[in-house]
Amino acid sequence: MRALHHLESNPLEATTTLITGATIHTMESGPAGGPVSGTAGGTGAAPEAVLVHAGRIAAVGSVAACRDTAARLTGSGPDVVDLTGKVLVPGFIDPHAHPLMLGQMMSWVDCGPDKAADIPAVVALLLEAAAAAPAGRPVRGYGYEQRNLAEQRHPTRHELDQVATDREVYLMNASGHGGVVNTYTLKTNGITKDTPNPPGGEFFKDDDGELTGELSDAACNILTGISGVKIGHHGPNFHLEDELAEHLRQLEAAQDAFLAGGVTTIGDCQVTKREFDTYLRFADAGFLKTRVNMYLLSHLLDSALDMGLHGAFGNAMLSFAGIKFYADGTLGGWTAYFPEGYIDDPCRTGQLYHEPREYSALIRKAHAAGLQTATHAQSPTAIGMVLDAIDAAQQDRPDVDARHRIEHCGLPTVEQIGRMKQLGVYPVNQTQHYYNWGEGVKDAIGTPGERFNPLGEFVEAGVPITLSSDAPVADPNPLEAIGAAVTRITRNGHQLGPDSLRISAAEALAGHTINGARVVGRETELGSIAVGKRADFAVLDADPLAVDPSAISSIKVLQTWVDGKVVYGG
């Protein structure tokens, strides 16, 4: 994998800051299976202080040594920040998220389990929003997951017709892979019971062959209207257009949420022209405070190659990283591909976005150009398809450091985990998914669902684990993700699977810091507290490596630093 080719932005002020008093977890690399935490450069000595100069880490170690370095650099003493009683860790890296989608949905109606326990409650929330909205404005909600509703099913178009019959009503599933629309939306887009399903998507019907209003994956293309972003069968289309000024406000609100969670670097894993344009304008206006690594959606692969994008490039804040693909759908929305069907609904198999031969050709094309790929795959069938394609691509052009990724990687077999180790494939997992709907996955596919995100098996096999939020599917809250990885306790209080699937707090912290840096190809400058790296930190009110595992998710982020400056907190 090629290193990021930097096009540097404005130079940083040469400020010098000495951070003292904190428990410091450097996350510098140690033996395979987990970095050494709380040590300076792996020497075994717990560091007392960190010196920051001009946005970079200039020294890590004793207070005296850091002061000596400051004197050599500046000829004077540094500013001192005393963090006594607090914990300093590298800024969290969230390598799979959708910031603009998160910001947009912050203006929608929250219909998640904390807000609505059943379908009438969902309808009531949407009705309230419809009454307050101008005439004709779409009503959009998000966050429901059918297994968290009392009825244990999706709402229907007829229930959403109670909200409005003269405008679009869209209720997005928590997975982001579709949801339910009202009758008006179907009619406006010319969708009838005789409309064929698009490749990679479905318009669902009841036992009588009538449309239920549920739609999934590639069928979501109807939601972007005539002139909006169209992505064909390359993924679920959540790229709904708003005014540019509104998109900028949405991105700023999302950025604030990431910074509040201690996240300093994000991988945006589905960039279309909507996101690309918004990021460029946001950065040009001087608003960008988090580092964003953009993965263009695969419908843009040929365009990217035509423009000569044959490797990662950009500046320290905004960069192009690779190409995002989809193999199958989602476990939460029951569109992940299980050809044998789901237990509660054997007729529902989910779907593949591409036939294996077509998908393999796409991966081989990207790999041949030197591009990192990141493929969404949940079921064993889909994961196997990804591994076969990567194996073929590696035979075409061997590259020991390609770092191809499998996003979510929910239910790999033990044999597939071994292949991932052999091929150097990185899983990018979201433990908040099983926190939010782990029981639903078990209900959907049976006992194998207890292995959902088998992190302990990855560690046992020597496959580096990486944690992310998939925001807005889950909140950008790394401490919640780390806590879920350590306990495997769901929001309903059940442990999903045996203890062997759990991992240690140190391994989980590595998954949201140094391992996250590796999967976005930036471990030489991010992910740990080491001399020469960028001074990105999160300051915590408690130690995730010392508290009871059940308390990790309650740890607060007090400050977030980017390039040696506090960008969140006092």
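The values are calculated or read from the model by the stated rules, or taken from the named source; none is laboratory data. On a predicted model such as this, the values are computed, not experimentally measured, just so you know. Every residue, glycine among them, receives a Cβ derived from its backbone with ideal geometry; neighbour counts consider all protein chains shown. Side chains are part of the model used for accessible areas, which takes the heavy atoms of the whole protein and leaves out ligands, DNA and RNA. Shrake-Rupley method; radii C 1.70, N 1.55, O 1.52, S 1.80 Å.
Listing for the model above:
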{"read-out": "The stretch 295-319: number of residues that are in a strand (DSSP E or B) and either open to solvent by 10 Å² or more (accessible area, probe 1.4 Å) or in contact with a His (Cβ under 8 Å, 6 or more places away or on another chain) (or both)", "value": "5"}
{"read-out": "Residue in the stretch 240-254 that is farthest from ALA374 (Cα to Cα), counting only those that are free of Cβ contacts under 8 Å to residues at least 60 places away in the same chain and in a loop (DSSP other than H, G, I, E, B)", "value": "GLU243"}
{"read-out": "Of the criteria (1) over 14 Å from PRO427 (Cα atoms); (2) surrounded by 24 or more Cβ atoms within 10 Å (Cβ to Cβ); (3) modelled with pLDDT of 95 or more, which one VAL473 fails", "value": "(3)"}
{"read-out": "Residue in the stretch 545-553 that is touching an Asp or Glu at 6+ places or on another chain (Cβ under 7 Å), modelled with pLDDT of 95 or more and not β-branched (Val, Ile, Thr) present", "value": "yes"}
{"read-out": "The one condition in (1) in contact with an Asp or Glu (Cβ under 7 Å, 6 or more places away or on another chain); (2) under 21 Å from PRO427 (Cα atoms) that GLY350 fails to fulfil", "value": "(2)"}
{"read-out": "Verdict on LEU211 being aliphatic (A, V, I, L, M) and under 19 Å from TYR144 (Cα atoms)", "value": "no"}
{"read-out": "Helices (runs of 4 or more DSSP H) (entirely within the stretch 361-446) containing at least 2 residues that are open to solvent by 20 Å² or more (accessible area, probe 1.4 Å) and at pLDDT below 95", "value": "431-445"}
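Residues checked against (1) within 21 Å of ALA471 (Cβ to Cβ); (2) out of contact with any Ser or Thr (no Cβ under 6 Å at 6 or more places or on another chain); (3) open to solvent by 30 Å² or more (accessible area, probe 1.4 Å):
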| site | (1), (2), (3) |
| --- | --- |
| ALA130 | no, yes, no |
| GLY136 | no, yes, yes |
| GLY141 | yes, yes, no |
| SER175 | yes, no, no |
| ASN189 | no, yes, yes |
| LYS193 | no, yes, yes |
| LYS205 | no, yes, yes |
